[in-house]
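Below is one structure, written out as C-alpha cells; the observations come after it.
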Amino acid sequence: MSDDNRPLVIACGALVSELREVLALNGLAEHVEVRYLPANLHNRPEGIVPALKEHLDGRGSRPTLVGYADCGTGGQLDALLASYPDVQRLPGAHCYEFFAGSQLFAQLHDAQPGTFYLTDFLAKHFRALVWEGLGLDRHPELRDTYFGNYTRVVLLSQSQDPGVFVAAQKGAEQLGLKFEHIHVGVGGLSGAIPVSFTKHPIESKAKA
C-alpha cells in the first residue's frame, strides 16, 4: 500500500506517545500515516481549525481521523468538519474526557467542578505550558486570579511513569491546590478511535 492510500490521522502534538502506543498495540504503526500539529495549540485553540484545514484540503480521498476533541474551539472544529463528511474526530469536549471516558469524567466534574486536569504530557510540560504559558513565571501574583475558583488538580495518567506523578504533584503545589491521581491508561483513547483504524481495542484500566 502506498503512502498516499494509507489512512491518515491528523493529531494534537500532545498525543504523540499515547497515539503511538495505541497504533503499535494494534499492529498499525506502519499502516497509518500520522501528522502531529504543534502541541502549543493546546493553549491557542483558535489556531487548531486553520491548521487542520490546511491538512484536510491536501489529503486526497483516503480515510482520515482528526485526533482532536472540540479542544476549546467552541464548536468551530465541528463546523469545519461539516464540510468533510467522511472525516471523524475524537469524541467529547477535550482530551481529559476521551482519556478518562465520558462516564468517569462526568463523575469527576460533578463531584468538583473546580478541577484542573493534567495528562502525562501536560504534567511533564507543566512549567512551559501552564506556568510560563500563563505568564505566572513573570507575574506569580496572577495565580489566584487564574486559579482562585479551583479546588484541586487531578492527574489522569496514561503511563505508570513515577516522574509524571512527581511533576503533576509539584504542579499542584505551585498552584496551591490539593492533588489527586487516577490512572486511566490509553484504553479511552483506543476506544475513541473508529474501529476502521484499530484491530484490538485496548481495555481501560482506570482506577483511583
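Values for this structure:
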read-out	value
Test: A69 is assigned to a loop (DSSP other than H, G, I, E, B), in contact with a strand residue (DSSP E or B) (Cβ under 8 Å, 6 or more places away or on another chain) and crowded, with 16+ Cβ neighbours inside 10 Å	yes
Residue check, R62 at pLDDT below 90 and over 17 Å from G191 (Cα atoms)	yes
Residue in region 69-84 that is at pLDDT 90 or above, more than 28 Å from E132 (Cα to Cα) and among the aromatic types (F, W, Y) present	yes
Matching residues in region 56-109 - criterion: being in contact with a Leu (Cβ under 8 Å, 6 or more places away or on another chain) and free of Cβ contacts under 8 Å to residues at least 12 places away in the same chain	none
First in region 115-143 and free of Cβ contacts under 8 Å to residues at least 24 places away in the same chain, second anywhere and surrounded by 15 or more Cβ atoms within 10 Å (Cβ to Cβ) and part of a loop (DSSP other than H, G, I, E, B), Cβ under 7 Å, 6 or more apart	L142/L136
Failed criterion for P45 (all others in (1) surrounded by 17 or more Cβ atoms within 10 Å (Cβ to Cβ); (2) more than 27 Å from R127 (Cβ to Cβ) hold)	(2)
Residues located in region 77-95, provided they are in a loop (DSSP other than H, G, I, E, B), of a type in the set (G, A, S) and surrounded by fewer than 16 Cβ atoms within 10 Å (Cβ to Cβ)	A82, S83, A93
Residue ID - modelled with the highest pLDDT, chosen from residues in region 1-49 that are closer than 16 Å to S61 by Cα and of a type in the set (D, E)	E33
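The values are calculated or read from the model by the stated rules, or taken from the named source; none is laboratory data. No experiment lies behind these values; they were computed from the predicted model shown. Because the Cβ atoms are built from the backbone with ideal geometry, glycine has one as well, and the counts that use them run over all protein chains shown.
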